[in-house]
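The values are calculated or read from the model by the stated rules, or taken from the named source; none is laboratory data. Keep in mind that what you see is a predicted model, and the values were worked out from it rather than measured. Glycine gets a Cβ as well: all are built from the backbone with ideal geometry, and neighbour counts include every protein chain shown.
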Amino acid sequence: MDTNEEVYKSVPQSRGKIAHANIDNKTSTSANEIQSLPISSDELGVMGKIDVYKKDEKLLVERKYQLKRIYQGQLYQIWAQYFCMIEMGYEIENLAFYEISTNKMIPINLPSDNEKRELLSFIKKFHDYNPEDDFQVNTNKCSHCIYCNLCDKTTVENVYS
Ligand code: SF4
């Protein structure tokens, strides 16, 4: 925690942090919006923080600097936020990513029952993770991973270094 962030943060992380700064500093004055709300779910066993919830549209928005394509992990992120907020008693009828670099809103379907099961099974893998187990390293992923400089599973450099 005391480390200088510049030592280990990659360019996409720093850019993401700047992009989220407006939200983290809660600079919006709209009474219709809840920003940076801490969330959790007993059912999923996860906790986190949302970007923006727009009450009148019952819309949950996750901001990304750039979204050339939407990865499954990004869907898991917004689905988990959705289930946390539902469990906390919020009404949500719409989900969307907001691409900051293009000022574009990208609507996402609400997760189906099957997709919820898929998310739960994915989270279970984290809960069941044993560091002693064999770990399959995919160096192609590592070279594009923002945690590369902190990870003890690989010695490759990421492309952002
Ligand atoms: S650097 Fe570590 S955390 Fe990142 S993809 Fe590779 S093994 Fe996973």
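Odds and ends about this structure:
- Put simply, of 149, 94 the only residue that is touching a strand residue (DSSP E or B) at 6+ places or on another chain (Cβ under 9 Å), in contact (Cβ under 8 Å) with a residue 24 or more places away in the chain and not hydrophobic (A, V, I, L, M, F, W, C) is 94.
- Qualifying residue in region 55-71 (condition: surrounded by fewer than 13 Cβ atoms within 10 Å (Cβ to Cβ), touching a helix residue (DSSP H, G or I) at 6+ places or on another chain (Cβ under 9 Å) and of a type outside the set (A, V, I, L, M)): yes
- The residues of region 152-161 that are more than 8 Å from the ligand (Cβ to nearest atom) and touching a residue at least 12 places away in the same chain (Cβ under 8 Å), listed by number, are 157, 159, 160, 161.
- Elements of the type helices (runs of 4 or more DSSP H) sitting completely within region 69-161 and holding at least 3 residues that are under 18 Å from residue 55 (Cα atoms): these cover 72-87.
- Among (1) farther than 20 Å from residue 82 by Cα; (2) among the polar types (S, T, N, Q); (3) surrounded by 11 or more Cβ atoms within 10 Å (Cβ to Cβ); (4) more than 16 Å from the ligand (Cβ to nearest atom), the one test that residue 149 misses: (4)
- Lone qualifier among 112, 121 - being farther than 22 Å from residue 61 by Cα, among the polar types (S, T, N, Q) and either in the same structural domain as residue 66 (by TED's automatic domain parsing) or away from the ligand (no atom under 16 Å from the Cβ) (or both): 121
- Region 46-68, residues that are within 22 Å of residue 14 (Cβ to Cβ) and assigned to a loop (DSSP other than H, G, I, E, B): 50, 51, 65, 66, 67, 68
- Number of positions in region 37-62 that are farther than 19 Å from residue 93 by Cα and free of Cβ contacts under 8 Å to residues at least 40 places away in the same chain: 3
- If you check 138, 103 for being farther than 22 Å from residue 81 by Cβ and loosely packed, with under 14 Cβ neighbours inside 10 Å, only one passes: 138.
- Where residue 87 falls short, out of the listed (1) within 16 Å of the ligand (Cβ to nearest atom); (2) in the same structural domain as residue 15 (by TED's automatic domain parsing): (1)
- The set of residues from region 124-141 being within 15 Å of the ligand (Cβ to nearest atom), under 18 Å from the mean Cα position of the chain (by Cα) and of a type outside the set (Phe, Trp, Tyr) comprises 125, 141.
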